[in-house]
Amino acid sequence: MAPFGGWRRSSYSGGGDGNNCVEIANLPTIVAIRDSKDPARATIAVPVGAFAPFVEALKARATSGLAPF
(Lines give C-alpha, C1' and ligand atoms only; values in the text may rest on other atoms or scores of the structure.)
Protein backbone atom coordinates (compact mmCIF):
# COMPACT_ATOMS: atom_id res chain seq x y z
CA MET A 1 0.00 0.00 0.00
CA ALA A 2 1.19 3.52 -0.74
CA PRO A 3 2.40 5.63 2.19
CA PHE A 4 -0.56 8.01 1.90
CA GLY A 5 -3.25 8.27 4.52
CA GLY A 6 -6.73 9.73 4.57
CA TRP A 7 -8.05 8.07 1.42
CA ARG A 8 -11.58 9.02 0.40
CA ARG A 9 -13.76 7.66 -2.35
CA SER A 10 -14.87 9.82 -5.23
CA SER A 11 -18.33 11.32 -4.83
CA TYR A 12 -19.04 10.17 -8.41
CA SER A 13 -18.81 6.41 -8.32
CA GLY A 14 -20.83 5.48 -11.38
CA GLY A 15 -23.82 3.16 -11.38
CA GLY A 16 -24.46 -0.23 -9.91
CA ASP A 17 -22.59 -1.05 -6.72
CA GLY A 18 -20.50 2.13 -6.85
CA ASN A 19 -17.36 0.08 -7.32
CA ASN A 20 -16.29 1.92 -10.49
CA CYS A 21 -14.38 4.79 -8.94
CA VAL A 22 -11.15 6.13 -7.61
CA GLU A 23 -9.96 7.21 -4.20
CA ILE A 24 -7.91 10.31 -3.49
CA ALA A 25 -5.68 11.41 -0.64
CA ASN A 26 -4.97 15.12 -0.24
CA LEU A 27 -1.51 15.99 1.01
CA PRO A 28 0.08 19.44 1.36
CA THR A 29 1.86 19.35 -2.01
CA ILE A 30 0.29 16.44 -3.93
CA VAL A 31 -2.99 14.66 -4.54
CA ALA A 32 -2.65 10.87 -4.69
CA ILE A 33 -5.08 8.83 -6.79
CA ARG A 34 -5.69 5.08 -6.76
CA ASP A 35 -8.20 2.53 -8.05
CA SER A 36 -10.69 1.66 -5.33
CA LYS A 37 -11.03 -1.88 -6.69
CA ASP A 38 -7.32 -2.59 -6.27
CA PRO A 39 -5.82 -0.13 -3.76
CA ALA A 40 -2.58 -2.11 -3.36
CA ARG A 41 -1.57 -1.45 -6.98
CA ALA A 42 -0.03 1.69 -8.44
CA THR A 43 -0.85 5.16 -7.16
CA ILE A 44 -0.71 8.30 -9.28
CA ALA A 45 0.53 11.41 -7.47
CA VAL A 46 0.07 14.84 -9.05
CA PRO A 47 1.00 18.29 -7.76
CA VAL A 48 -1.91 20.05 -6.05
CA GLY A 49 -1.99 22.75 -8.75
CA ALA A 50 -2.23 20.14 -11.51
CA PHE A 51 -5.10 18.14 -10.02
CA ALA A 52 -8.01 20.37 -11.16
CA PRO A 53 -6.70 20.63 -14.75
CA PHE A 54 -6.14 16.84 -14.71
CA VAL A 55 -9.76 16.23 -13.70
CA GLU A 56 -11.05 18.75 -16.26
CA ALA A 57 -9.06 17.02 -19.02
CA LEU A 58 -10.60 13.67 -18.05
CA LYS A 59 -14.10 15.19 -18.07
CA ALA A 60 -13.50 16.79 -21.48
CA ARG A 61 -12.33 13.49 -22.91
CA ALA A 62 -15.33 11.65 -21.47
CA THR A 63 -17.81 14.12 -22.98
CA SER A 64 -16.05 14.28 -26.35
CA GLY A 65 -16.96 10.73 -27.29
CA LEU A 66 -13.34 9.57 -27.24
CA ALA A 67 -12.48 6.27 -25.66
CA PRO A 68 -11.23 6.42 -22.06
CA PHE A 69 -7.50 6.32 -21.49
Taking region 39-66 only, how many residues are of a type outside the set (A, V, I, L, M, F, W, C), under 17 Å from Ser10 (Cα atoms) and open to solvent by 60 Å² or more (accessible area, probe 1.4 Å)? 3
Has region 14-36 got at least one residue that is open to solvent by 80 Å² or more (accessible area, probe 1.4 Å), at pLDDT below 85, at negative phi and not charged (D, E, K, R)? yes
Within region 47-59, does at least one residue satisfy the condition of being aliphatic (A, V, I, L, M), part of a strand (DSSP E or B) and at pLDDT 85 or above? no
Please indicate, with yes or no, whether at least one residue in region 55-68 is under 15 Å from Gly5 (Cα atoms) and of a type in the set (Val, Ile, Thr). no
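The values are calculated or read from the model by the stated rules, or taken from the named source; none is laboratory data. Just so you know, these numbers come straight off a predicted model, no measurement behind them. All accessible areas refer to the heavy atoms of the entire protein, side chains included, with ligands and DNA or RNA removed. Shrake-Rupley method; radii C 1.70, N 1.55, O 1.52, S 1.80 Å.
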